[in-house]
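The values are calculated or read from the model by the stated rules, or taken from the named source; none is laboratory data. Remember, it's a predicted structure, so these values are computed and weren't measured experimentally. Neighbour counts are summed over all protein chains in view; Cβ atoms, including those assigned to glycine, are modelled from backbone coordinates with ideal geometry.
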């Protein structure tokens with residue numbers, strides 16, 4: 001009887017997290033979907049955003065969010081995966097013990113600090129040496145790429161570390177070099193964990209708000225270059241929710257609904273590509 005009670009208690013606790021997710025999802029969709037149908041799909045997916053005048057176009061925000069996210073992945077994934085490979089296969093035990101905690105410490109730095117550093121250092125550098133106003137897709141992508149590094153490095157490192165040592169020994173015994181062993185044996189064996197780290201990093205990049213608000217420029221237009229200013233969906237919600245009422249408030253919930261759907265689609269695509277590979 002005690003075992004049964006413990007089992008059902010743990011089952012209820014486990015499903016409470018799922019229930020919380022379902023309640024959040026229901027609340028967001030219940031608040032946002034009616035506005036999408038009220039405004040019409042043509043109006044909602046236009047480029048004109050002026051909720052007080054009945055214009056609810058979020059296309060520029062969707063494009064901006066996707067550009068910033070993929071830019072962050074282009075920077076963060078190669079750096080993070082390379083760092084994880086170096087720590088597991090090419091570094092000494094002493095370096096592993098010292099370097100990995102330092103990288104994980106990046107996750108504890110508040111996002112506003114990243115944004116502040118971006119304003120002081122990165123934005124002026126881009127403005128003076130590359131071009132544009134500095135507040136841009138490029139600046140946001142670099143900062144977010146650094147912010148997702150701890151997630152990608154930690155999970156990829158653990159995934160590579162648990163690959164059985166016999167895989168390495170067998171590959172080396174067959175005459176493969178160290179690098180061939182890494183690329184042809186270890187990475188495929190740790191693929192699921194690496195993809196998980198990328199998906200979690202992507203979720204962090206899509207949902208980041210404060211740092212992006214500070215360095216993206218918050219321009220309500222579709223960016224035609226990585227040097228153009230941009231506004232993401234999360235930035236719009238954070239900037240306008242405090243004073244929104246009526247349809248304006250519902251429009252922001254509709255933005256959250258679209259963001260939720262985008263994250264689900266990106267996760268499904270990543271999972272499908274992994275299974276196909």
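Would you pick out the residues in the range 200-243 that are under 13 Å from the mean Cα position of the chain (by Cα), in contact (Cβ under 8 Å) with a residue 60 or more places away in the chain and surrounded by fewer than 17 Cβ atoms within 10 Å (Cβ to Cβ)?
Of everything in the range 200-243, just one residue is under 13 Å from the mean Cα position of the chain (by Cα), in contact (Cβ under 8 Å) with a residue 60 or more places away in the chain and surrounded by fewer than 17 Cβ atoms within 10 Å (Cβ to Cβ), namely 203.
Taking only pairs six or more apart or across chains, which ones have beta-carbon atoms under 6 Å, a first residue in the range 166-177 that is on the phi > 0 side of the Ramachandran plot and modelled with pLDDT of 90 or more, and a second residue that is surrounded by 14 or more Cβ atoms within 10 Å (Cβ to Cβ) and not in a helix (DSSP H, G or I)?
Pairs found: none.
Looking at the range 42-56 only, could you name the residues that are free of Cβ contacts under 8 Å to residues at least 12 places away in the same chain and surrounded by 14 or more Cβ atoms within 10 Å (Cβ to Cβ)?
Step one: filter the range 42-56 for residues free of Cβ contacts under 8 Å to residues at least 12 places away in the same chain, giving 42, 48, 50, 53.
Listed by number, the list holds a single entry, 48.
Could you grab me the full set of residues in the range 188-199 that are without any contact (Cβ under 8 Å) to a residue 40 or more places away in the chain and in contact with a helix residue (DSSP H, G or I) (Cβ under 7 Å, 6 or more places away or on another chain)? Lay out the reasoning, then the answer.
Initial filter on the range 188-199 (without any contact (Cβ under 8 Å) to a residue 40 or more places away in the chain): 188-190, 193.
Selection gives 189, 190, 193.
If residue 129 passes every condition in (1) more than 18 Å from the chain's Cα centre (by Cα); (2) under 17 Å from residue 196 (Cβ atoms) but one, which one does it miss?
Result: residue 129 passes all but (2).
Quick check on my filter: what residues within the range 1-41 are within 26 Å of residue 220 (Cα to Cα) and touching a residue at least 12 places away in the same chain (Cβ under 8 Å)?
The answer is 28, 29, 31, 32, 33, 34, 35, 36, 38, 39.
Yes/no matrix, rows are residues, columns are (1) without any contact (Cβ under 8 Å) to a residue 60 or more places away in the chain; (2) in a helix (DSSP H, G or I); (3) exposed (fewer than 11 other Cβ atoms within 10 Å of the Cβ):
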position: 85; (1), (2), (3): no, yes, no
position: 89; (1), (2), (3): no, yes, no
position: 95; (1), (2), (3): yes, yes, no
position: 98; (1), (2), (3): yes, yes, no
position: 107; (1), (2), (3): yes, yes, no
position: 112; (1), (2), (3): no, yes, no
position: 120; (1), (2), (3): yes, yes, yes
position: 124; (1), (2), (3): yes, yes, no
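Can you report the number of residues in the range 251-272 which are in contact (Cβ under 8 Å) with a residue 24 or more places away in the chain and farther than 29 Å from residue 135 by Cβ?
Number of matching residues: 3.
Determine, yes or no, whether residue 71 is closer than 30 Å to residue 136 by Cβ, surrounded by 11 or more Cβ atoms within 10 Å (Cβ to Cβ) and modelled with pLDDT of 90 or more.
Working: closer than 30 Å to residue 136 by Cβ: yes; surrounded by 11 or more Cβ atoms within 10 Å (Cβ to Cβ): yes; modelled with pLDDT of 90 or more: yes.
It is true that residue 71 is closer than 30 Å to residue 136 by Cβ, surrounded by 11 or more Cβ atoms within 10 Å (Cβ to Cβ) and modelled with pLDDT of 90 or more.
How many residues does the range 181-225 hold that are in a loop (DSSP other than H, G, I, E, B) and closer than 24 Å to residue 270 by Cα? I'd like the intermediate steps shown before the answer.
Filtering the range 181-225 down to residues in a loop (DSSP other than H, G, I, E, B) leaves 190, 208-209, 216, 218-225.
Then keep just the ones that are closer than 24 Å to residue 270 by Cα; that gives 190, 208-209.
Qualifying residue count, the range 181-225: 3.
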